[in-house]
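Peer 1: One structure coming up, written as structure tokens, with questions to follow.
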Amino acid sequence: MKVLFTYFISSGGMETLNRHRSKALSQAGIECHLLYKEQGSGHPNITGIKTFLMKKTSEILALVKKEEYDLIVVCTDHQLLRSIKRSGYVGKLVFELQGLGDYRFTERFFIRHKTTITKAADAILIPKTAHLIQLAKKYFSALPLFSFHNCFDVNSFHHVPVAKTISPIAGWVGRIEKNKKWDLFLEIGKRLIERNGNIKLWMFIDDSLFELSQKNLFTRKIDKWNLSHNLTVYKNIRNELMPGYYSQIADSGGLLCSTSGIEGFGYTLVEAMSCGCPILTTDSDGIRSIVENNVTGMIISQSSIEDAILKAERIMKNANLRKRLTRNGYNRIRSIFSLENYADEFMKMYWRL
């Protein structure tokens, strides 16, 4: 069996998902190929997977014809979905959505492209994310809907021995765009530093994808709040190096903070938890399968800085709480997001289709 996964750019959560699920399916005897229209900052992370970079629709259709894929999963790109369908492709064609931003934007996307997607796709695939499930059931009721957890290989991404830092570190990973609410993290960091001047802030950003107005505001906020002494910004760090950074954050007595408005999933949290980082996160919907408040992490209000500060300090100061959160978090990832579970669910989808 041969499967193709397509997406616009090899960056962010989709690049991570495609690497991990390719491994899951390969272990089950399925040949996986990846196709991106643009090379993103995550492209160097891809090894051992046949990967294509193609923009022209004619080239992509020629590839599809040549490789004779049994199933193609097209993520978000409704135009490519339609083109593959019209080309005479006879395999199964699945349209995938992993997150499009806020609820209103996602609903507009569904409404605008409902007809195209319904005519071209054999099924819809989404993670177990409430707002995506709700909208898919509403607008794509004519298609089979498959919803199962994404996967993560804890055996290849885990805590590593590192030199322990003197100061506790609060980490953040994301793009400098409005939905990621980077400004909330900076405000939390500012307040924590006011209470403990030794705290360090580490931000890992994709410098190739950002909203210009947000990036300018980001620079101004750092200057305004005089954060440069405590803040280190890391740009486009290779994924293979991130276990070391997460492990440093974990061993420092710090935490990983996520401040997104809404997410389809939350690979940043999964990666950090696999390295022993306690999690402080907003309830961005997609994180609910990962973080259970006060069990596998701490959930904060998007509108209350006081709530965030209180919980951040509890995590950093309470050793028993840290130990419980990190242990439960790791066990959750290992059991729910296993490669074996993903391969099993994926094959159930294929055989049903």
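Peer 1: Check residue 257 against each of (1) buried (at least 21 other Cβ atoms within 10 Å of the Cβ); (2) touching a Leu at 6+ places or on another chain (Cβ under 8 Å); (3) in a loop (DSSP other than H, G, I, E, B) and name the one condition it does not meet.
Peer 2: Only one criterion is unmet by residue 257, namely (3).
Peer 1: Of all residues being among the small types (Gly, Ala, Ser) and in contact with a Ser or Thr (Cβ under 6 Å, 6 or more places away or on another chain) in segment 262-296, which is farthest from residue 198 (Cα to Cα)? Just the residue, please. If you could, list the steps in order and put the result at the bottom.
Peer 2: First, pick out the residues of segment 262-296 that are among the small types (Gly, Ala, Ser): 264, 266, 272, 274, 276, 284, 286, 289.
Adding the requirement that they be in contact with a Ser or Thr (Cβ under 6 Å, 6 or more places away or on another chain) leaves 264, 276, 284, 286.
Details: 264: 34, 276: 21, 284: 29, 286: 32 Å.
Selected residue: 264.
Peer 1: Go through segment 295-330 and count every residue that is in contact (Cβ under 8 Å) with a residue 24 or more places away in the chain, open to solvent by 10 Å² or more (accessible area, probe 1.4 Å) and not in a helix (DSSP H, G or I).
Peer 2: Count: 2.
Peer 1: Another question about this same structure. Picking from 162, 154, which residue would you name as being open to solvent by less than 70 Å² (accessible area, probe 1.4 Å), out of contact with any His (no Cβ under 7 Å at 6 or more places or on another chain), hydrophobic (A, V, I, L, M, F, W, C) and over 20 Å from residue 25 (Cα atoms)? Break it down stepwise before answering.
Peer 2: Numbers: 154 fails: over 20 Å from residue 25 (Cα atoms).
Going through 162, 154 in turn, just one is open to solvent by less than 70 Å² (accessible area, probe 1.4 Å), out of contact with any His (no Cβ under 7 Å at 6 or more places or on another chain), hydrophobic (A, V, I, L, M, F, W, C) and over 20 Å from residue 25 (Cα atoms): 162.
Peer 1: For residues that are of a type in the set (Gly, Ala, Ser) and assigned to a helix (DSSP H, G or I), scanning just segment 22-58, find the one that is most open to solvent (accessible area, probe 1.4 Å). Let's see the steps before the verdict.
Peer 2: So in segment 22-58, the residues of a type in the set (Gly, Ala, Ser) come out as 22, 24, 26, 28-29, 40-42, 48, 58.
Next, from what is left, pick out any that are assigned to a helix (DSSP H, G or I): 22, 24, 26, 58.
Values: 22: 3, 24: 3, 26: 67, 58: 83 Å².
Result: 58.
Peer 1: Could I ask something else about it? State which residue pairs qualify: first residue part of a helix (DSSP H, G or I) and inside segment 336-353, second residue open to solvent by less than 40 Å² (accessible area, probe 1.4 Å) and not hydrophobic (A, V, I, L, M, F, W, C) in any location, beta carbons under 6 Å apart, and separation of 6 or more residues or different chains.
Peer 2: 339/153; 342/21
Peer 1: Restricting to segment 267-294, what's the tally of residues that are more than 15 Å from residue 249 (Cα to Cα), out of contact with any Phe, Trp or Tyr (no Cβ under 7 Å at 6 or more places or on another chain) and open to solvent by less than 40 Å² (accessible area, probe 1.4 Å)?
Peer 2: The initial filter retains those residues of segment 267-294 that are more than 15 Å from residue 249 (Cα to Cα), namely 267, 281-294.
Those left that are additionally out of contact with any Phe, Trp or Tyr (no Cβ under 7 Å at 6 or more places or on another chain): 267, 281-285, 287-294.
Those still in the list that are open to solvent by less than 40 Å² (accessible area, probe 1.4 Å) too: 267, 281-282, 284-285, 287, 289-291.
Going through segment 267-294 one residue at a time, the tally reaches 9.
Peer 1: If you scan segment 93-109, which residues turn out to be under 14 Å from residue 12 (Cβ atoms) and either among the polar types (S, T, N, Q) or over 17 Å from the mean Cα position of the chain (by Cα) (or both)?
Peer 2: Correct list: 98 only.
The values are calculated or read from the model by the stated rules, or taken from the named source; none is laboratory data. Computed from a predicted model, the values in this text were never measured in an experiment. Neighbour counts are summed over all protein chains in view; Cβ atoms, including those assigned to glycine, are modelled from backbone coordinates with ideal geometry. We work out accessible area using only protein heavy atoms, side chains counted, and drop any ligands, DNA or RNA first. Shrake-Rupley method; radii C 1.70, N 1.55, O 1.52, S 1.80 Å.
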